[in-house]
Amino acid sequence: MKTAVFSSRRYDEQFFNAANRSAGHELFFIENHLGPSTASLARGFPAVCAFVNDSLDAETIQGLAAGGTRLIAMRCAGFNNVDLKVAHAHGIKVVRVPAYSPHAVAEHVIALLMTLNRKTHKAYNRVRDGNFALDGLLGFDVHGLTVGVVGTGAIGGIVARIFHGFGCKLLAFDVRKNPACEALGVRYVPMDQLLAESDIITLHCPLTKETNHLLNRESFARMKDGVTVINTGRGALIDTESAIEALKSGKIGQLGLDVYEEEGDLFFEDRSQSIIQDDVFMRLTTFPNVLVTGHQAFFTDTALRNIAETTLQNVTDFEAGKPLLNEAKAAGN
Ligand code: NAD
């Protein structure tokens with residue numbers, strides 16, 4: 001099926017072309033983001049493939065529908081950037097890749113945590129510079145700490161298992177319990193209790209109306225002094241300005257972010273030669289105890305292979321009129 005792949009980068013082409021050898025679709029790679037002003041590029045494409053920072057709002061979807069698009073194939077798990085109701089109203093199906101490698105994201109949580117904790121990024125440079133002093137590199141044992149996991153689905157469930165391996169006490173908050181987590185000894189508690197008792201808080205719930213700015217001024221105030229917060233979910237789960245206040249007051253001891261609420265204008269591009277205009281983001285990067293990665297938690301070869309294969313299988317199923325196993329539905333958000 002003729003498919004326009006938006007926001008595509010070299011690595012997308014590489015993995016999609018490899019997976020397409022058996023799938024046999026007609027793929028057209030477009031570097032631009034998908035949004036109201038670029039929807040017309042998809043004219044004549046029955047399928048479009050989009051990513052996390054594409055904007056599939058009402059106007060974009062109307063544009064896609066006018067151009068004959070009948071399938072939106074998200075090559076990611078989250079679909080907070082798709083107006084499902086408008087897609088449904090236009091008879092456009094939306095599919096996604098619910099789990100391509102939850103391990104990739106869960107393992108990145110540990111990369112963020114342990115870099116912030118043991119300061120390996122500083123040690124790397126120091127040793128190369130012949131500086132073997134340890135001042136400023138003091139870390140803490142993760143063993144024995146209390147970890148609060150918000151959202152214990154595919155990724156949060158693995159995160160819980162990894163922290164269990166570290167010897168941590170585990171608390172969780174979710175709208176539904178994961179039996180595998182309960183079997184591990186994870187204790188489901190109200191959000192306020194999780195905030196108050198956790199030394200490390202890690203976010204793995206989807207971004208919805210209910211979870212937008214889940215961590216805000218009030219929630220930071222409830223946390224332990226020196227708390228570590230890790231967000232690999234979606235940027236807007238955290239109110240960044242409140243996080244900055246909490247960093248300035250010392251409430252947050254370490255902040256690890258793979259996502260940022262205004263990342264759409266920044267991430268996935270080389271902006272090293274431009275003047276970044278986002279002052280909130282730039283303030284974040286001035287703290288020595290903040291580590292930001294550019295939405296790379298998913299970025300492993302296993303994940304990219306699975307993303308390409310599942311996305312193309314979703315397109316194949318749609319073309320063949322088969323049931324869409326990975327359909328994104330508003331209720332499942
Ligand atoms: P999942 O659907 O398997 O799990 C999400 C969990 O969140 C579910 O258990 C659900 O019940 C729970 N949840 C829903 N609403 C909640 C609420 N209001 N409060 C608390 N919990 C709630 O999803 P997943 O595969 O584990 O992914 C989680 C999120 O991670 C995705 O929605 C996506 O936004 C993000 N993600 C980020 C990356 C990255 O590269 N940084 C990659 C993949 C996914």
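The values are calculated or read from the model by the stated rules, or taken from the named source; none is laboratory data. It should be emphasised that the depicted structure is a prediction, and the values quoted were computed from it without experimental measurement. Glycine gets a Cβ as well: all are built from the backbone with ideal geometry, and neighbour counts include every protein chain shown. Accessible surface is based on the protein model in full, side chains and every heavy atom, while ligands, DNA and RNA are left aside. Shrake-Rupley method; radii C 1.70, N 1.55, O 1.52, S 1.80 Å.
The order of the peptides 243-249, 189-195 by mean Cβ neighbours within 10 Å, most packed first, is 243-249, 189-195. Counting only protein heavy atoms and a 1.4 Å probe, the chain has 48 square angstrom of accessible area per residue. For the chain, the square roots a ≥ b ≥ c of the C-alpha gyration tensor eigenvalues yield an a/c of 1.5 or more together with a/b exceeding b/c, which makes the shape prolate. For the residues Asp57, Asp270, a 1.4 Å probe over the protein chains yields an accessible-area ranking, largest first, of Asp270, Asp57. Each residue, His88 and Arg43, gets one label point 7 Å from its Cα in the Cβ direction; the gap between the two is 3.1 nm.
Solvent-accessible area assigned to carbon and sulfur over the chain amounts to 51 percent, based on a 1.4 Å probe. In terms of its alpha-carbon gyration tensor, the stretch 1-120 comes out prolate; a/c meets the 1.5 threshold, and the first ratio a/b outweighs b/c.
Normalised by the residues of the chain, what does the relative contact order come to in percent, with Cα pairs under 8 Å and at least six apart?
Result for the chain is 18 percent.
A simple spin-label model places the labels of Glu107 and Glu31 3.0 nm from each other, with each point 7 Å out along Cα-to-Cβ.
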